[in-house]
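Have a look at the structure below, then the notes.
The values are calculated or read from the model by the stated rules, or taken from the named source; none is laboratory data. Since we're looking at a predicted model, the values are computed, not measured. In this analysis, Cβ positions are derived from the backbone assuming ideal geometry, glycine residues included, and neighbour counts consider all displayed protein chains. SASA here: full protein model, heavy atoms, side chains in, ligands and nucleic acids out. Shrake-Rupley method; radii C 1.70, N 1.55, O 1.52, S 1.80 Å.
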Amino acid sequence: MFIVLLLLVVPIGVSATKYFLGDRSVDWQIADRSSAGLLPPPETHPEALVRVYAARTVRWRGIFAVHTWIVVKARNAPRYTRYDYTAWGQPIRINGFAADGRWFGGAPETIAAADGDAAAAMIPRIQSAIENYKPRSYGDYRAWPAPNSNTFVAAVASAVPELRVALPPTAIGKDFPYSGEVFGRTPSGTGIRATLGGYLGFTVGWVEGVEINFLGAVLGVDVRRPALKLPGIGRLGIGV
């Protein structure tokens with residue numbers, strides 16, 4: 001138990017130190033939200049496209065968590081469509097920000113990607129999952145334990161398990177039972193998870209690896225792409 005607590009507390013302490021010594025503590029009102037240049041201009045990429053992005057969330061919460069979102073573009077569509085789940089206004093926001101924009105200064109990373117025919121087949125199911133996502137009313141958003149942006153992305157990813165989404169351990173809220181279930185399949189469809197209201201949980205899957213969720217902090221190991229999963233820090237090992 002002492003070792004587990006150490007593995008939970010020390011990484012968060014390291015992340016807090018990086019936050020206070022780095023530039024993530026910049027005023028969110030003037031923070032950069034411009035494109036990070038991860039996507040080509042839509043007119044030069046006629047194929048269908050699906051992306052899942054993650055970036056450190058706003059202010060001190062970035063010590064612990066990332067914000068995730070989904071971007072899609074149908075074949076020959078003139079623009080990208082970005083879906084976020086946020087704390088202000090109606091939770092589901094469409095094109096509220098640049099598709100691959102920095103999240104209030106935090107540079108995004110690509111968590112999952114699909115292109116061409118595979119992406120084209122996913123997009124209708126993604127849009128249907130978004131339209132039928134239940135916690136979509138004003139006031140439904142909760143940063144902790146959830147439902148938050150990561151809960152939303154995990155729910156939508158479950159509609160397209162072939163996208164093989166494995167949200168990072170810093171995606172607090174990804175294990176929240178948005179449909180009320182205690183046991184269920186992982187978003188990738190390659191494993192199972194158990195969760196008690198998002199406060200305590202266990203996940204095992206080929207894509208997700210093995211994870212323990214304690215009060216939203218995730219500790220685990222990825223066997224498929226060898227890496228440690230640490231709260232506050234994220235993955236340490238082979239990249240996504």
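For the reader, a short list of remarks on this structure follows.
- Relative contact order, percent, the stretch 33-163 [alpha-carbon distance under 8 Å, six or more residues apart]: 30 percent
- Gaussian network model of the chain, Cα within-10 Å springs - most flexible of TYR85, TYR178, TYR138: TYR138
- Rounded, prolate or oblate (a/c below 1.5 giving rounded, otherwise prolate when a/b exceeds b/c) for the stretch 154-228 by Cα gyration tensor: oblate
- Computed with a 1.4 Å probe on the full set of protein chains, the accessible area for LYS229 sits at about 0 Å².
- Here the Gaussian network model covers the chain, with springs between Cα atoms less than 10 Å apart; of LEU167, LEU230, LEU200, LEU200 fluctuates the most.
- ARG185 - accessible surface, heavy atoms, 1.4 Å probe, Å² rounded to 10: 150 Å²
- Separation of alpha-carbon centers, the stretch 63-122 and the stretch 26-61, rounded to whole Å: 7 Å
- Helical runs (DSSP H, four residues minimum) scored at -39500 (n - 2.57) apiece and divided by the length of the chain put the mean residue ellipticity at 222 nm at -6000 deg cm²/dmol.
- Within a Gaussian network of the chain (alpha carbon springs, distance under 10 Å), most fluctuating of THR17, THR68, THR186: THR17
- Label-point separation in nm, GLU47 to PHE20, each point 7 Å along Cα→Cβ: 4.7 nm
- Net length available on complete extension from PHE214 to PHE183 is 9.5 nm, with 0.36 nm assigned per residue and the Cα-Cα distance removed.
- Non-local lysine pairs in the chain, meaning eight or more places apart or on different chains, with alpha-carbon distances under 28 Å, amount to 6.
- Percent RCO, i.e. relative contact order, over the chain, from Cα pairs under 8 Å lying at least 6 residues apart: 18 percent
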